[in-house]
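One structure is given below, encoded as structure tokens.
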Amino acid sequence: MDSPTDRLYAIVEQGLCIGCGLCQAVAGPEVVGVRRVASGYEAPVVVGPLDHATVDAIYDVCPGTRIDGLPDHLVDATTTVDPVWGPWRRIIRAWAGNPEVRHRGSTGGVLTALGMHLLESGQVDHVLHARASTIEPTFGEPTLSSTPEEVLEAAGSRYGPTATLRQLTDALDLGRPIAFVGTPCDVSALGNWARHDPRVDELVRYRLTMVCGGFGTPDATRDFLDRVGIHPDELTTLRYRGYGCPGPTRAETADRVEERHYLDFWGEDESQWTLPWRCKVCPDGIGEAADVAAADTWPGGSPTREESEHDPGTNAVIARTEVGHRLLAEAEAAGTIVVEGDATVDDLSAWQPHQVRKKYAVGSRHAALGESGRIQPVTHRLRLAELTAELSVDEVARQHEGVRVRIDDGRASQPTPEPAGSTTEGTS
């Protein structure tokens, strides 16, 4: 059998690690540290004695190796389950009632507004979420906000590596009610860890997420900075979006500011997106394990340069659980969010067509990973087999071949994380 360290590093080497930080929370920071490594990502580095039992626990909860939808007990007769979009109780178009929150948020500010509302109403004592890193401007970092002002200060998307769950144990140790805001992978990982630590279900009262198309690779971020003429060592602040919908990508140094359109960072359409391999085999970019998921509402999946100049931002918001449904109703009644009206799964598919395509394709991609001798992620309650069965034989073969080619040419792999103390390694 491979050593515990080799088994842990296999998740990284096979491109399945998103750097969420949960393995550090599971093993303890004295055993596994999630930090920036030579590849530019955040990844686990073994710094103490690691045993197989701990690695078994990590494999059971890591969102690179196991991704689950909502537990069955949260899906009842009032829930509709769509084959692509999963369980939902209500879908709305909405935005933050406070104009400043709407403007500073990534789209319509709904997730920021809900986090602020939960603190203001006393329903939680803390919000565990991400903010811009205070050390590496292209990264995000976990933060535990205790005031609405702190939540607002952290508003905006972080498209760089972000270990949001790195501080999960510290947050649970406080013994106080928490709201969690993270990516769909983070939320799924949180649900996985709940099977091992009952404090998750006891203390994490709300689980909020964004519908996620993936995060940017470190190479893509460096390429963008190169195009605007800023060396990474000069960078003091990088705002990926916000202050409008989507708002400019803004890079700052000590003595200059460069702003570019969101499309200048991501590209004009999906074909130009540069994503980590894990995002290309993601079975749940839509946040099926969350109480509430919020999405962009751009027809076709991307903004246009002309329309986005004056777009104040509108979220599509999915309430998946009774907790989420109740929260949206309460927030609307309080004026925390403004609801324009109800929406449908067909609307979601028109605004997020890339999510539909990937949801159909990912079951075949996972099967191809297993056939290639790679780690094949375990999934539950995501209907992947049902969706794969709707594909033609030719399309399934095309997906398998695409995975094989990417494995062969190295696009589905990452280097072994540099050990702690390496001179090529940074920290975050």
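The values are calculated or read from the model by the stated rules, or taken from the named source; none is laboratory data. Note that the coordinates shown come from a computational prediction; the quantities given were computed from them, not determined experimentally. Heads up, the Cβs are rebuilt from the backbone with ideal geometry, glycines too, and the neighbour counts pull from every protein chain shown. We work out accessible area using only protein heavy atoms, side chains counted, and drop any ligands, DNA or RNA first. Shrake-Rupley method; radii C 1.70, N 1.55, O 1.52, S 1.80 Å.
The value given for the stretch 29-85 is a Kirkwood hydrodynamic radius of 14.6 Å, derived from the mean inverse Cα-Cα separation.
The HN-Hα couplings worked out from phi for the stretch 317-323 by the Karplus form 6.51 cos²θ - 1.76 cosθ + 1.60 (θ = phi - 60°) are 10, 10, 8, 9, 10, 4, 4 Hz, whole numbers, x standing for Gly and Pro. For Cys20, no residue has an amide H sitting under 5 Å from its own, ignoring neighbours fewer than 5 places away on the same chain, with H placed 1.01 Å from N. The simple spin-label model puts a point 7 Å past each Cα toward its Cβ; for Glu390 and Glu202 those points are separated by 4.2 nm.
Which number comes out as Rg/Rh for the stretch 108-221 once both Rg and the Kirkwood Rh are worked out on C-alpha atoms?
Dividing the radius of gyration by the Kirkwood radius yields 0.95.
Averaged over its residues, the stretch 334-374 has an accessible area of 40 Å² per residue, based on protein heavy atoms and a 1.4 Å probe.
For the chain, the Stokes-Einstein estimate of translational diffusion at 20 °C and a viscosity of 1.002 mPa s comes to 99 µm²/s, using the Kirkwood hydrodynamic radius over alpha-carbon pairs. The string of couplings for the stretch 204-220 from the Karplus curve (6.51, -1.76, 1.60, θ = phi - 60°) is 7, 7, 9, 10, 10, 8, 9, 6, 10, x, x, 10, x, 6, x, 4, 5 Hz, one whole number per residue in order, with x for Gly and Pro. The string of couplings for the stretch 360-371 from the Karplus curve (6.51, -1.76, 1.60, θ = phi - 60°) is 5, 7, 5, x, 5, 5, 5, 4, 5, 4, x, 5 Hz, one whole number per residue in order, with x for Gly and Pro. Residues whose amide H comes within less than 5 Å of that of Val32, counting only those at least five positions distant or on another chain, are Val47 (H built at 1.01 Å from N in the peptide plane). For the chain, relative contact order (Cα pairs under 8 Å, six or more residues apart, normalised by length) works out to 24 percent. Beta bridges from DSSP with both residues in the chain: antiparallel share about 70 percent, rounded to the nearest 5.
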